[in-house]
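Colleague: Structure below; questions to follow.
The values are calculated or read from the model by the stated rules, or taken from the named source; none is laboratory data. What you are looking at is a predicted structure, and each value in this text was computed from that prediction instead of being measured. Positions of Cβ are generated from backbone atoms using ideal geometry, with glycine treated the same way; all protein chains shown enter the neighbour counts.
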Amino acid sequence: MFSRTPTGRASKGSVSIINTHDRLQLRFSYGGKRHYVTLGLPDTVANRKLAELKAAEIEKDILYERLDPTLEKYKPQSALSTVTPTTPTTKAKPQLDELWAKYSEFKKPQISPSTYVKDYIKCRNHINRLPARSLNDALLIRDYLLENLTLDAAKRCLNYLKACCNWAVEDGLIDTNPFVSMKIKAPKGLSEDEDINPFTKEERDRIIQAFETDRYYRHYTNYVRFLFFTGCRPSEAIALKWKHITSSAVKFRESVVISEDGLVRKEGLKTQKRRDFPISPELQAILDTIKPAQVNPDASLFKSPRGKFLDQHNFLNRAWKAILKKCGIEYRKSYQTRHTFISLCIEAGINSTAIGRWTGTSAKMIDKHYGATNFTNLRPPDLS
């Protein structure tokens, strides 16, 4: 039986009558999909009775497997229009930029600040540049994305538009999602954790020495050393405070991410809430070098030359790029310091489970992606 409550969840095969923006709407599931019939009628006692008749008609058609797939049969005709003496007004469909603004506000508390900036604001900017924002021009919008963005960026943006319109349908803002069947096929790119091209031990040492002797970028020497000898993510190193350092371990508890207000610290790491890293002799030497005479527990270990958050993006584009060029070493992102640490640990025969606990990844991931990275550095044993 259909639901008589404005927000009640319908049981399987039943039709719910819901109130959306003071207008009656029918909602039901059929064929594995959720369907909506907008009646366009004010929520009055008389109109609810008519809505109940429509709901009963749909339930009967579902039962006898004769449902009209276009749903036109169940939309209010002249009989329904006689219920109200006033001429019903046709509500204009919201534009895509309006829907995206509402969807972004809905999602904002549920996602990280960096995701909101990197994906949601970026998608908003793409929408603002569209030649049309009407949902009737969905094909034009898709083609524009394909012509003006990379395949990967176009695919991501289209997927976000699909999600936005799915949400808008469920919220009763629109009747159908015009992007639902659209697809963009793009070659799958490697994530930073899969793009593994580590430095050799000799290259690592040359990079560190180059930072140490460079007149412009020597400030970053110990930051680079720390990345190479812990395998942590840059966002984790930048977030470290002196209160996170004990006599035996570095306690990773936070990350620094980009937000609408710039760089901010957030609780938790990329794949876990916390992680402890044992202090080795090499790491202890780094900490001894940078430790101030008077330690402020809330002070950061690594800062920019001006004492602010170390901006990894600026570091990568300026200092890191310049030092690798100076060393004559093939350019790779500084994230490869993490891969270098893991690869050298594997060469040293360290158990992959232990490496995973130190670096915040799984033993399975290490065995799958790092097992074949060091074949050129390994030598067969003496079998004679």
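Colleague: Select from the range 255-264 the residues that are touching a Lys or Arg at 6+ places or on another chain (Cβ under 9 Å) and either free of Cβ contacts under 8 Å to residues at least 12 places away in the same chain or farther than 17 Å from GLY360 by Cα (or both) and write down the one among them that is surrounded by the fewest Cβ atoms within 10 Å (Cβ to Cβ). Even if it seems obvious, please write down each step before you answer.
Modeller: Here is the first cut: in the range 255-264, the residues touching a Lys or Arg at 6+ places or on another chain (Cβ under 9 Å) are 255-259, 263.
In the following step, the residues that additionally are either free of Cβ contacts under 8 Å to residues at least 12 places away in the same chain or farther than 17 Å from GLY360 by Cα (or both) were identified as 257-259, 263.
On the way: VAL257: 20, ILE258: 19, SER259: 16, LEU263: 20.
Only one residue tops the list, namely SER259.
Colleague: Could you run through the range 93-146 and say how many residues are assigned to a loop (DSSP other than H, G, I, E, B) and hydrophobic (A, V, I, L, M, F, W, C)?
Modeller: Narrowing the range 93-146 to residues assigned to a loop (DSSP other than H, G, I, E, B): 93-95, 111-112, 129-134.
The next check asks that each one be hydrophobic (A, V, I, L, M, F, W, C); those that pass are 111, 130, 132.
Result for the range 93-146: 3.
Colleague: Find all pairs meeting these conditions: Cβ atoms under 8 angstrom apart; at least six residues apart or on different chains; first residue within the range 113-139 and farther than 20 Å from PHE179 by Cα; second residue among the aliphatic types (A, V, I, L, M).
Modeller: PRO113/VAL257; PRO113/ILE258; PRO113/VAL264; SER114/VAL257; SER114/ILE258; VAL117/ILE258; LYS118/ILE258
Colleague: Of everything in the range 167-186, what is of a type in the set (Gly, Ala, Ser) and either in contact with a strand residue (DSSP E or B) (Cβ under 8 Å, 6 or more places away or on another chain) or over 15 Å from ARG27 (Cβ atoms) (or both)? Give them in sequence order. Full working, then the answer.
Modeller: Here is the first cut: in the range 167-186, the ones of a type in the set (Gly, Ala, Ser) are 168, 172, 181, 186.
Those that are of a type in the set (Gly, Ala, Ser) and either in contact with a strand residue (DSSP E or B) (Cβ under 8 Å, 6 or more places away or on another chain) or over 15 Å from ARG27 (Cβ atoms) (or both): GLY172, SER181, ALA186.
Colleague: While we're here: Output the helices (runs of 4 or more DSSP H) that fall wholly within the range 217-326 and possess 1 or more residues being among the basic types (Lys, Arg) and either more than 20 Å from the chain's Cα centre (by Cα) or assigned by TED's automatic domain parsing to the domain that holds SER343 (or both), or say none. Talk me through it step by step, then tell me what you get.
Modeller: On the way: elements: 221-230, 234-239, 281-290, 312-315.
Fully inside the range 217-326 and qualifying: 221-230.
Colleague: Under the condition of being in a helix (DSSP H, G or I) and β-branched (Val, Ile, Thr), which residue from the range 333-365 is farthest from ILE323 (Cα to Cα)? I'd like the intermediate steps shown before the answer.
Modeller: Narrowing the range 333-365 to residues in a helix (DSSP H, G or I): 336-347, 352-359, 363-365.
Cutting the leftovers down to β-branched (Val, Ile, Thr) gives us 337, 340, 342, 346, 353, 355, 359.
Numbers: THR337: 14, THR340: 17, ILE342: 22, ILE346: 27, THR353: 33, ILE355: 28, THR359: 25 Å.
Checked the range 333-365; the qualifying residue farthest from ILE323 (Cα to Cα) is THR353.
Colleague: Among the residues of the range 184-199, are any more than 18 Å from the chain's Cα centre (by Cα), more than 30 Å from THR340 (Cα to Cα) and at pLDDT below 95?
Modeller: Among the residues of the range 184-199, at least one is more than 18 Å from the chain's Cα centre (by Cα), more than 30 Å from THR340 (Cα to Cα) and at pLDDT below 95, which makes the answer yes.
Colleague: Would you confirm whether any residue within the range 84-94 is surrounded by 14 or more Cβ atoms within 10 Å (Cβ to Cβ) and modelled with pLDDT of 90 or more?
Modeller: Looking for residues that are surrounded by 14 or more Cβ atoms within 10 Å (Cβ to Cβ) and modelled with pLDDT of 90 or more, one finds at least one in the range 84-94, hence yes.
Colleague: Do we find that ILE342 is over 27 Å from the mean Cα position of the chain (by Cα), surrounded by 14 or more Cβ atoms within 10 Å (Cβ to Cβ) and not charged (D, E, K, R) in this structure? Spell out how you get there, then give the answer.
Modeller: Values: over 27 Å from the mean Cα position of the chain (by Cα): no; surrounded by 14 or more Cβ atoms within 10 Å (Cβ to Cβ): yes; not charged (D, E, K, R): yes.
Judged against the criteria, ILE342 is not a match.
Colleague: Would you mind telling me which numbered condition in (1) aromatic (Phe, Trp, Tyr); (2) in a loop (DSSP other than H, G, I, E, B); (3) in the same structural domain as LYS102 (by TED's automatic domain parsing) PHE179 fails?
Modeller: For PHE179, the exception is condition (3).
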